[in-house]
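Visitor: Have a look at the structure that comes next, please.
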Amino acid sequence: MVKKVAILANGGDVSGFNAVIRAIVKTAEEHGVECYGFIEGYRGLLKNEYIPLSTSDSRKASGILPKGGSIIGSSTNANVFNYKVTQLDGKVVYKDLSDICVENIKNDGFDCLFTLGGDGTQKSARDFSLKGINVIGVPKTIDNDVACTDITFGYNTAVSVASDALDRLHTTGETHHRIMVLEVMGRYAGWIALESAIAGGADVALIPEIPYDINKAVEKINHRREMGKNFSIVVVAEGAMPKGGTITVEQMRDNGTGVDNTKLGGVGSIVAKQLEELTGMEARCTVLGYMQRGGTPTAFDRVLSTKYGSKAMELALEGKFNVLTVIKDGKLDSVSLEDVVGNNKTIGAVSGNTAESNIRKVNMDNDLVKTARNIGICLGD
């Protein structure tokens, strides 16, 4: 019988974290289950720092449905299976500290650990399941790239923010006859760029899945000018790359050691400069950045997050562990964490975004791609 559970939020923040936490807690309370939250994700699990979560007496989990961020924080770059440790002599090494986490969970008496996070978070969740911990994952990421689910929580809010930005850039572009470039998040998957381009009426969308030819974008912009439209809107995912080129890296943390420590950024400015040179039109780049992560979740994300959280607690009550809650064909379901991990099987391997990872990318047969092409959006190919 599940009597005591813990929740951790891990990875970059998204709108919907708190809605999931609230749903888990409320469902648990209906069944007399105690809930706790580890502070700052896996880092809090390693330090064994946690707090009680309850909706009574205005405690932590009360009134948080519309609140952005995470009331229990979240950690990034905290792979406890390959954790950065600075020794007394100042030398940095990476160690597997997962056994400390396992002992913490057992000593605390937690019957199940809920992991709210993306590809890397669920990779570690799978690794903990192999060490005998009951784990249930909930798919989070604005990039919408977690395998085995139709959609992740936080994605819809990010797309809505990007679409609103495009609406605003339209007015400036049209007024000053400029090319307006919007750089959005999307390291290895172009879901945000593609869907916001459709929703925001963009003319060009460059995504990681399709290496782009800048001249194709130029052709689209010149064609619009021939039609008397003296401005264009371009959306670029941060992970977009030119044909024969590579992704644009802004910064490399810790020499890329440990978790995925490459910080992307700058491709939007490169595209804007090239378009200005090749078209003779003024071009301006806006980097939306962390605006996509923060703030109040959309109604869609509030409902999706609540469904995910409630389903996760339901699975725990049924004794169905070591799974990820998912939406498949529009319905709540669950899949094995092994399926989510794909071929990235080695315990302690750098989690996420490896050649073996099972990341969900935009498929060329996807309806969004077909729709974009049908309405004349240039995808750079």
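The values are calculated or read from the model by the stated rules, or taken from the named source; none is laboratory data. The shown structure was predicted, so the numbers you read here are calculated from the model rather than taken from an experiment. So basically every Cβ, Gly included, is an ideal-geometry build from the backbone, and we count neighbours across all protein chains shown.
Visitor: For the subset of the stretch 319-342 comprising residues that are exposed (fewer than 13 other Cβ atoms within 10 Å of the Cβ) and within 20 Å of the chain's Cα centre (by Cα), which member is modelled with the lowest pLDDT?
Guide: Checked the stretch 319-342; the qualifying residue modelled with the lowest pLDDT is Gly330.
Visitor: So, one more: Have a look at Gly90, Gly69, Gly32 and point out the one that is part of a loop (DSSP other than H, G, I, E, B), in the same structural domain as Ser305 (by TED's automatic domain parsing) and touching a Gly at 6+ places or on another chain (Cβ under 9 Å).
Guide: Every option except Gly69 fails the conditions.
Visitor: Now, a different point. Can you name the residue in the stretch 39-50 that is crowded, with 20+ Cβ neighbours inside 10 Å and more than 20 Å from the chain's Cα centre (by Cα) and is also nearest to Phe110 (Cα to Cα) among such residues?
Guide: In this case the residue turns out to be Leu45.
Visitor: Right, another one. Of all the residues that make up the stretch 181-218, how many are farther than 15 Å from Arg373 by Cα, charged (D, E, K, R) and over 18 Å from the mean Cα position of the chain (by Cα)?
Guide: Looking only at that region, the number is 1.
Visitor: I need every pair where a residue in the stretch 268-287 that is closer than 15 Å to Gly239 by Cα and touching a residue at least 40 places away in the same chain (Cβ under 8 Å) has its Cβ under 9 Å from the Cβ of a residue that is part of a strand (DSSP E or B) and among the hydroxyl-bearing types (Ser, Thr, Tyr), sequence separation at least 6 or different chains.
Guide: As it stands, the answer is Gly268/Thr286; Val271/Tyr212, since those pairs meet every condition given.
Visitor: When you look at Ser129, is it more than 22 Å from Asp13 (Cα to Cα), assigned by TED's automatic domain parsing to the domain that holds Leu315 and not charged (D, E, K, R), yes or no?
Guide: Yes; evaluated as a whole, the condition is true for this residue.
Visitor: Here's something else I'd like to know. Picking from Thr257, Thr306, Thr286, which residue would you name as being touching a strand residue (DSSP E or B) at 6+ places or on another chain (Cβ under 8 Å) and either at pLDDT 90 or above or crowded, with 18+ Cβ neighbours inside 10 Å (or both)?
Guide: Thr286
Visitor: Let me ask something else. Could you tell me how many of the residues in the stretch 71-92 are in contact with a Lys or Arg (Cβ under 7 Å, 6 or more places away or on another chain) and touching a residue at least 40 places away in the same chain (Cβ under 8 Å)?
Guide: Of the residues in the stretch 71-92, 5 are in contact with a Lys or Arg (Cβ under 7 Å, 6 or more places away or on another chain) and touching a residue at least 40 places away in the same chain (Cβ under 8 Å).
Visitor: Pull up the stretch 278-318, narrow it to residues that are assigned to a helix (DSSP H, G or I) and of a type in the set (Asp, Glu), then point me to the one that is farthest from the chain's Cα centre (by Cα).
Guide: By that ranking, first place goes to Glu314.
Visitor: As an exercise: evaluate Arg225 against (1) surrounded by fewer than 18 Cβ atoms within 10 Å (Cβ to Cβ); (2) assigned to a loop (DSSP other than H, G, I, E, B); (3) charged (D, E, K, R) and give the number of the one condition it does not meet.
Guide: It is condition (2) that Arg225 fails.
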